[in-house]
2 protein chains.
Amino acid sequence: MRLIIINLDLIKGISTPSPTKIVLLIIDGLGGLPSLKTGKTELETANTPNLDQLATKGICGLIDPVSPGITPGSTPGHLALFGYDPVKFNIGRGVVEAMGIDFDLEPGDIAARGNFCTVDGAGLVTDRRAGRISTEKCTELCQLLDGLALEGVRLFVCPVREHRFVVVFRGEGLAPEVSDSDPQQAGVAPRAIVALNPHADMMAAIANKFIAQAKIVLAKHHPANMVLLRGFSRRPHLPTMSEVYKLKPAAIAGYPMYRGLAKLVGMQVLETGASIMEEFATLRQNYADYDFFFLHIKGTDSAGEDGDFDRKVRIIEEVDNALPGLTSLEPDVIVVTSDHSTPALLKGHSWHPVPILLYSKWCRADRVGEFSESACIFGGLGRFPATQIMPLAMAHALKLAKFGA
Amino acid sequence: MRLIIINLDLIKGISTPSPTKIVLLIIDGLGGLPSLKTGKTELETANTPNLDQLATKGICGLIDPVSPGITPGSTPGHLALFGYDPVKFNIGRGVVEAMGIDFDLEPGDIAARGNFCTVDGAGLVTDRRAGRISTEKCTELCQLLDGLALEGVRLFVCPVREHRFVVVFRGEGLAPEVSDSDPQQAGVAPRAIVALNPHADMMAAIANKFIAQAKIVLAKHHPANMVLLRGFSRRPHLPTMSEVYKLKPAAIAGYPMYRGLAKLVGMQVLETGASIMEEFATLRQNYADYDFFFLHIKGTDSAGEDGDFDRKVRIIEEVDNALPGLTSLEPDVIVVTSDHSTPALLKGHSWHPVPILLYSKWCRADRVGEFSESACIFGGLGRFPATQIMPLAMAHALKLAKFGA
């Protein structure tokens, strides 16, 4: 029988600072499925001479972000890329939403995901999403609720999109172990929030008070005349990448969610424009100051989610076109991969393994001469869990000492 | 990082004694990196008709001794080959050094690694290695310190090489949980050894007394006028290979370190000459008396450590040349692999996966026709952790019963 555990302590024990540099280029949702017309995936369709050249000089393989068959959200997908067990470090929904709007969570803060919803005269939920009100309306309603202080606890109510918002509770003595008020179905009343352990009594009481006040404030704002809360959670304590890997890591990401994920593991988030060219320019401008760069490309995932095969192809080609701006910096290790597949055919994240390419002077190059799903099957890295990418990148950057004598 | 833990109890529960025989041929440091001139590794450069023939009849793959990216020392590398989790069974530095000089550690013994060092008039360390005194000088100084008895505890002080020695404490009531005296830097005084738990008070006191006496004895032997101790450890209790696998195992190894490792898992260590031909002759002479042989070739690793690509190639060819002396015995299972890679280009152990070849009448042969790093990528065994080699060898020798009904 085999148990699989992640041992960051082992890496921490052998990682050593060094001047070598690692660039982790994440082309979000990169992996795809073949077009029914051509039999080629998005990556196989794209004209990518620069990635293919890097694959020729480097070593390729396929990664499973969580494990075979599991479709990861962005959070577990990225935690795995950074070397953190995505099952052990399961980040709560409220925290994920707060990261998604770049809200700077403090260590004791409790965040919850909120929905504006519709209740009828009897208080029963008739629409869990309040008819998907506009983001503008959501913003306006959040302003009505924002800034409350309940028994010394400060509340932040921030719009996300349409009916979705985040509420953050900041104060002493709070705990995240409380139930949801969201009943997850229409036709019933919102649930009272209850403490799941004695330390969370105060949290439950304050959350219920907030909901009661919100109901009063929102009474005249039908269809958004009530709120539902779920996923109360606190920013987890993760060992930072500096602690584990002795790196000075920087993140280049145009989208808030990925900046939030980078902060969670202690990366310095760099100011950047969101376009591919701007992100690559940010890399070049800051290249001297860090020894690890997480460079995140969002467009591929968005195109996949939209089911837009051709747009995803074009964005991959844009990345390939920008690549010489990265390779000319001559990083000691370049890794190109993704946090999950997003096949345009499925219009969403999927469980399919993700192609990976690792280049370093010290890699034992394989016979793969093209960066694609079908070629990576024959790569020297084999098929492996995404959590092993960081140890591999560290090794190829000569940043890991020998284990044991 | 992911570690894979093999449950030895599972194997123990299904292993059965049988007359079939397994030979595990370890060509230390076998895996390499391509020559910058030819693009071929040491193994790919070597002319190895016999290994290639065995690869054709057998099944190939690549192993990770510990896990991807981790460069193993010889101890974890070999423990994994024998099927023992190299992270769980992390052997202390003192024990490793004692094994390296073939010192027969008894179960209660505490071993520490020692350095002769130089201290100045104020007692500060000026050279942690005493100018790397000769092995002869080290031997002479060890004789001055050897054989002390402190409060009923007997001390053995044995030279290793240059400034390095081993001290073994034998007596009742000792425990290894003490700090090092070695400050790991010059310019400071050696540290007093302190107990890290209450059971180790006596150990700390005796170690400090030994150091005090050594200082007096060595006063006139500048630059080796003091000692530094570290890595206090006790031989761990590992289940023996006979217990786990029901094997009668024998080790053939010319170098003390590997004999020590074999003893640690309960192998019978056979008397042998250290040359390749002598080791293969020892196999033939003892073939009737055991059902498992660990045959260890050291020269490949030494050549890799020396950065001598060509010598490593020649030694691989010597092994290939000797191989018919093994295959003609017709073992039921032959495994050829290594405890880690030692690319001549890196002049040291490395993290690169190691080619493996398994031959048995019952293997499902793949299409690999040559024993090399690049060909093994396409082997039927895939890429897998070294701890799974023993279950695979046992299975192919028909020594494992069905698991579950």
Would segment B:153-162 turn up any residue that is closer than 26 Å to B:ALA253 by Cα, of a type outside the set (Lys, Arg) and within 14 Å of chain A (Cβ to nearest Cβ)? yes
Looking for whichever is out of contact with any Gly (no Cβ under 9 Å at 6 or more places or on another chain), open to solvent by 10 Å² or more (accessible area, probe 1.4 Å) and either part of a helix (DSSP H, G or I) or within 22 Å of B:GLU97 (Cα to Cα) (or both) here; the options are B:ALA288, B:ALA251. Which one fits? B:ALA288
What about A:GLU318, is it among the acidic types (Asp, Glu), under 30 Å from B:LEU36 (Cβ atoms) and open to solvent by 10 Å² or more (accessible area, probe 1.4 Å)? no
Are any residues in segment A:21-58 within 14 Å of chain B (Cβ to nearest Cβ) and over 25 Å from the mean Cα position of the chain (by Cα), and if so, which ones? A:THR56, A:LYS57, A:GLY58
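For (1) of a type outside the set (A, V, I, L, M); (2) within 21 Å of A:PRO324 (Cβ to Cβ), each residue gets a yes or a no:
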{"site": "A:SER18", "(1), (2)": "yes, no"}
{"site": "A:LYS21", "(1), (2)": "yes, yes"}
{"site": "A:LEU30", "(1), (2)": "no, yes"}
{"site": "A:SER35", "(1), (2)": "yes, no"}
{"site": "A:ASN47", "(1), (2)": "yes, yes"}
{"site": "A:LEU51", "(1), (2)": "no, yes"}
{"site": "A:ILE59", "(1), (2)": "no, yes"}
{"site": "A:PRO65", "(1), (2)": "yes, no"}
{"site": "A:PRO68", "(1), (2)": "yes, no"}
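Here is a yes/no grid of residues against (1) open to solvent by 30 Å² or more (accessible area, probe 1.4 Å); (2) modelled with pLDDT of 95 or more; (3) in a loop (DSSP other than H, G, I, E, B):
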| residue | (1), (2), (3) |
| --- | --- |
| A:ASP9 | yes, no, no |
| A:LEU24 | no, yes, no |
| A:PRO68 | yes, yes, yes |
| A:THR75 | no, no, no |
| A:ASP85 | no, no, yes |
| A:ILE91 | no, no, yes |
Is there a residue in segment B:105-113 that is over 25 Å from B:LEU238 (Cα atoms) and of a type in the set (A, V, I, L, M, F, W, C)? no
Return the residues of segment B:354-389 that are out of contact with any strand residue (DSSP E or B) (no Cβ under 8 Å at 6 or more places or on another chain) and among the aliphatic types (A, V, I, L, M); say none if nothing qualifies. none
State whether the residues of segment A:207-218 include one that is charged (D, E, K, R) and under 31 Å from the mean Cα position of the chain (by Cα). no
Taking the residues in segment B:168-202 that are under 18 Å from B:SER233 (Cβ atoms), polar (S, T, N, Q) and surrounded by fewer than 18 Cβ atoms within 10 Å (Cβ to Cβ) as candidates, determine which candidate is modelled with the lowest pLDDT. B:GLN184
Please verify whether B:GLU106 is more than 10 Å from chain A (Cβ to nearest Cβ) and more than 21 Å from B:PHE293 (Cα to Cα), treating the condition exactly as stated. yes
Within segment A:393-405, can you find the residues that are open to solvent by 10 Å² or more (accessible area, probe 1.4 Å) and either at the interface with chain B (Cβ under 7 Å from one of its Cβ atoms) or within 15 Å of A:PRO355 (Cα to Cα) (or both)? A:LEU400, A:LYS402, A:PHE403, A:GLY404, A:ALA405
Scan B:GLY266, B:GLY273 and give me the residue that is under 18 Å from the mean Cα position of the chain (by Cα) and part of a loop (DSSP other than H, G, I, E, B). B:GLY266
When B:ASP366 is evaluated against the numbered criteria (1) away from chain A (no Cβ under 14 Å); (2) surrounded by fewer than 23 Cβ atoms within 10 Å (Cβ to Cβ), which criterion, by number, is the only one it fails? (1)
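The values are calculated or read from the model by the stated rules, or taken from the named source; none is laboratory data. Worth saying up front: this structure is predicted, and the values here are computed from it rather than measured. Heads up, the Cβs are rebuilt from the backbone with ideal geometry, glycines too, and the neighbour counts pull from every protein chain shown. With ligands, DNA and RNA removed, areas are computed over all heavy atoms of the protein, side chains included. Shrake-Rupley method; radii C 1.70, N 1.55, O 1.52, S 1.80 Å.
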